[in-house]
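See structure below.
The values are calculated or read from the model by the stated rules, or taken from the named source; none is laboratory data. No experiment lies behind these values; they were computed from the predicted model shown. Cβ atoms come from the backbone with ideal geometry, glycine included; neighbour counts cover every protein chain shown. What goes into the accessible areas is simple: the full protein's heavy atoms, side chains included, and nothing from ligands, DNA or RNA. Shrake-Rupley method; radii C 1.70, N 1.55, O 1.52, S 1.80 Å.
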Amino acid sequence: DLQGICRQIEGIILFLQGFLEEKEPERVRWVELEREGVRLVDAHLDLAPFLASYLFDKIPSTVLCSATLTDGKGFVFARKKLGLTDTLLPNKKVIECTVDSPFRYQDQVLLAVPTDLPSPDHPEFLKIASVAIEHAIQISRGQVFVLFTSYSMLQKVGERLGQILASQGFVLLQQGSRSRQHLLKEFISGSKSVLLGTDSFWEGVDVVGDALRCVILVKLPFPSPSDPIAQARAEQMKQREQDPFMEDTLPRAIVKFKQGFGRLIRSRYDRGAILCLDTRLLTKPYGKRFLSSLPPCQTVFMPQEELFPRM
């Protein structure tokens, strides 16, 4: 038994030595502290070569279909990240096609941005944004998604609005309290529900009809600068004299933004408002990239005093 335990320990030591000492430019390793102990993560920075070699090169033909394959500059970013390039697939022909949506976004959607909100890096942003969220929930009479880019921000807004919304008859549902399926089921079955969600609610959620009347995007969904993969990818791109923000961070955020926008209209009969509380959409040069990636719809960019009556 002791010899068996020693062999296990030796194996763990060899693994830890490899984890700490091996350096590969295309991989990133990090350590996470969890309640159960320590988690060691080893990840590839670029999956494109693997997708090209093990998937697309092995199959005669493939159809990739999504509402968020483009980022405002066509398919360049998606092709690069998926390995659909002439370098990785020299013998494959890639045909691109964008098709107009069957939805009448011009009649069904109002995109609203309050111009008098502070920038998200302002110390009072969450406090002021919480008031705007409350007003939007009242106008929509509930059935609102509020999408955040971090769980800590979600919790802070939930603490601010919990009792206020409850006193007005709204049911506040927060990601993390129950499974996503349970939260969605309760949200859809309610008549004055408000759901606060983070990453997983920006995509893959399908709520049709009057069950969802408003989607609030609190911040533009830029990847967290503390994410180890994002950090390593940025360092690698800088070494190659590339611009990590313009060539990686921004396209990823635009795709995510389109996914959040797409939560609202799921059928030809849906209608409602998208409220973005991040004024960088209007004040930063890259904001035009976000806006141009969306389908044509009604827009309202004005102070809250004028904006909310329009909603």
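Taking into account only those residues within the stretch 264-287 that are open to solvent by 60 Å² or more (accessible area, probe 1.4 Å) and either assigned to a loop (DSSP other than H, G, I, E, B) or not aliphatic (A, V, I, L, M) (or both), which is farthest from Arg213 (Cα to Cα)? Filtering the stretch 264-287 for residues that are open to solvent by 60 Å² or more (accessible area, probe 1.4 Å) and either assigned to a loop (DSSP other than H, G, I, E, B) or not aliphatic (A, V, I, L, M) (or both), the one farthest from Arg213 (Cα to Cα) comes out as Pro285. Beta carbons closer than 7 Å, at least 6 apart along the sequence or on distinct chains, pair a first residue in the stretch 38-60 that is open to solvent by less than 80 Å² (accessible area, probe 1.4 Å) with a second that is of a type in the set (Gly, Ala, Ser) for Leu45/Ala232; Ala48/Gly83; Pro49/Gly83; Leu51/Gly83; Ala52/Gly83; Phe56/Gly83. The criterion of being touching a Gly at 6+ places or on another chain (Cβ under 9 Å) and either charged (D, E, K, R) or open to solvent by less than 40 Å² (accessible area, probe 1.4 Å) (or both) does not hold for Ile216. Looking across Lys73, Lys23, one residue alone is open to solvent by 100 Å² or more (accessible area, probe 1.4 Å) and in contact (Cβ under 8 Å) with a residue 24 or more places away in the chain. It is Lys73. Close contacts from the stretch 266-281, counting a first residue that is more than 20 Å from Ala136 (Cα to Cα) and a second that is open to solvent by 10 Å² or more (accessible area, probe 1.4 Å) and of a type in the set (D, E, K, R), with Cβ to Cβ under 6 Å and a gap of 6+ residues or different chains, come to Arg266/Asp206. For the criterion of being touching a Phe, Trp or Tyr at 6+ places or on another chain (Cβ under 6 Å), in contact (Cβ under 8 Å) with a residue 24 or more places away in the chain, over 30 Å from Gln298 (Cβ atoms) and not in a loop (DSSP other than H, G, I, E, B), Val28 fails. Restricting to the stretch 198-230, and then to whatever is of a type outside the set (Asp, Glu) and without any contact (Cβ under 8 Å) to a residue 12 or more places away in the chain, can you tell me which residue is farthest from Val41 (Cα to Cα)? The qualifying residue farthest from Val41 (Cα to Cα) is Gly204. With respect to Thr85, is the statement that it is among the hydroxyl-bearing types (Ser, Thr, Tyr), closer than 28 Å to Met302 by Cβ and surrounded by 14 or more Cβ atoms within 10 Å (Cβ to Cβ) true? Criteria not met by Thr85.
Being among the polar types (S, T, N, Q), open to solvent by 90 Å² or more (accessible area, probe 1.4 Å) and more than 27 Å from Asp248 (Cα to Cα) is a description that applies to Gln3. Within the stretch 226-263, restricting attention to residues that are open to solvent by less than 30 Å² (accessible area, probe 1.4 Å) and β-branched (Val, Ile, Thr), the residue that is nearest to Thr68 (Cα to Cα) is Val255. For Gln181, indicate whether it is more than 14 Å from Arg213 (Cα to Cα), in contact with a Ser or Thr (Cβ under 8 Å, 6 or more places away or on another chain) and polar (S, T, N, Q). For Gln181, the condition - more than 14 Å from Arg213 (Cα to Cα), in contact with a Ser or Thr (Cβ under 8 Å, 6 or more places away or on another chain) and polar (S, T, N, Q) - is not met.
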